Amino acid sequence: MTKQEAIYKLRNTAWLAPQDDTSVGEAVEMACEALTVDIIRCKDCKWWGTSACALWIVNETDCPQENDFCSFGERGEP
């Protein structure tokens, strides 16, 4: 099961809880938030503009753009 499928199932089973129990909906939303990945854009990555950037650059037209992202992104210092 993917994270997206888990979020879908959680949100679509919350209606099974008693209507007077609002904590179930809150718990479902907290679980869904925990499953969401924080995407770090290239412009916010500590490797942005360095030779350590994980995006392979073949030529100048292939350079990463500010809003690109990859799975190796690490948030830089503010």
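Do we find a residue being in the same structural domain as R11 (by TED's automatic domain parsing), among the small types (G, A, S), surrounded by 11 or more Cβ atoms within 10 Å (Cβ to Cβ) and at negative phi anywhere in the stretch 26-49? Yes, the stretch 26-49 contains a residue that is in the same structural domain as R11 (by TED's automatic domain parsing), among the small types (G, A, S), surrounded by 11 or more Cβ atoms within 10 Å (Cβ to Cβ) and at negative phi. Of all residues in the stretch 1-26, those satisfying the criterion of being within 26 Å of V37 (Cβ to Cβ), assigned to a helix (DSSP H, G or I) and polar (S, T, N, Q) are Q4, N12, T13, S23.
Based on what the data block shows, is N67 exposed (fewer than 11 other Cβ atoms within 10 Å of the Cβ) and either touching a residue at least 24 places away in the same chain (Cβ under 8 Å) or of a type in the set (F, W, Y) (or both)? Spelling it out, N67 is indeed exposed (fewer than 11 other Cβ atoms within 10 Å of the Cβ) and either touching a residue at least 24 places away in the same chain (Cβ under 8 Å) or of a type in the set (F, W, Y) (or both).
The values are calculated or read from the model by the stated rules, or taken from the named source; none is laboratory data. Just so it is clear, the structure is predicted and the values come from calculations on it, not from any experiment. Methodologically, a virtual Cβ is constructed for each residue, glycine included, from the backbone with ideal geometry; neighbour enumeration extends over all protein chains shown.
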